[in-house]
Amino acid sequence: MPELVQTFRFRVRLTRSATPARTTAPPPPIPRPLSEAGAPGPAAAGQGAADRAPDRLGDGGFQECAGLALEADVREYLQGGANDEVVRRVGRVRLQPLVLKRGMLVAADGGSADTSLWDWLHGMVAGGAPVPRYDGDVEVLDPAGVRVVAHWTFVRGLPLKITGPTLNARTGEIAVEELHIAHEGLRLERTP
């Protein structure tokens, strides 16, 4: 009997894209689960912006993910004399930006807030070339957190917008930052 996918347990991984330019090939399959992925790589001094970018972004988890959507553009053609019908043809697909939200993280040793998401957008705006792009995986887990029941991949993401927390001294809420990512393709992958 089919089971419903519950969306309260998920994980997101942003990994620096290995594809330097746009391709028509689908993204390669992910060779290992997200939980086995390595830590961010060290930054190298004296290299281009893409070479100094960390291999992973946003470690620590996101509390919300939106924008897992594709929308087909259907074009309508009107034919003279055929007033009771419209011919429809397939057009391009429209990609929605992904919106990721997470609580702001501070290093356990008393350091300052994690700036990696902000640094990504600042690097792009400052004109660092080439701009580092990130591929992403969004995995929805079963209620026990053991089995992946849905897995989306997106390729060659760029930061579109980042929003810091709303500060209000009266509420005591957790500071939440929001990242919008424009990407070049989204797929729902089959899970084993």
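The values are calculated or read from the model by the stated rules, or taken from the named source; none is laboratory data. Since this is a predicted model, take the numbers as computed values, not measurements. Don't worry about glycine lacking a Cβ; one is built from the backbone with ideal geometry, like all the others, and counts go over all protein chains shown. Calculation scope for accessible area: heavy atoms of the full protein, side chains included, ligands and nucleic acids excluded. Shrake-Rupley method; radii C 1.70, N 1.55, O 1.52, S 1.80 Å.
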State the extension gain, in nm to one decimal, for the chain segment bounded by L4 and L78, taking 0.36 nm per residue of separation less the distance between their alpha-carbons. 22.5 nm
The stretch 67-151, Cα convex hull volume normalised per residue, Å³: 218
Using the heavy atoms of the protein chains and a 1.4 angstrom probe, tell me the accessible area per residue for the stretch 86-191 in square angstrom. 58
Can you find, among G145, Y134, L95, the residue sitting farthest towards the positive end of the charge dipole of the stretch 85-145, where Lys and Arg contribute +1 and Asp and Glu -1 at Cβ? L95
Share of accessible surface on carbon and sulfur in the stretch 60-126, whole %, 1.4 Å probe and ligands ignored, is 51
Given the Cα-Cα distance of D142 and T115 and 0.36 nm per residue of separation, how much length would full extension add, in nm? 6.6 nm
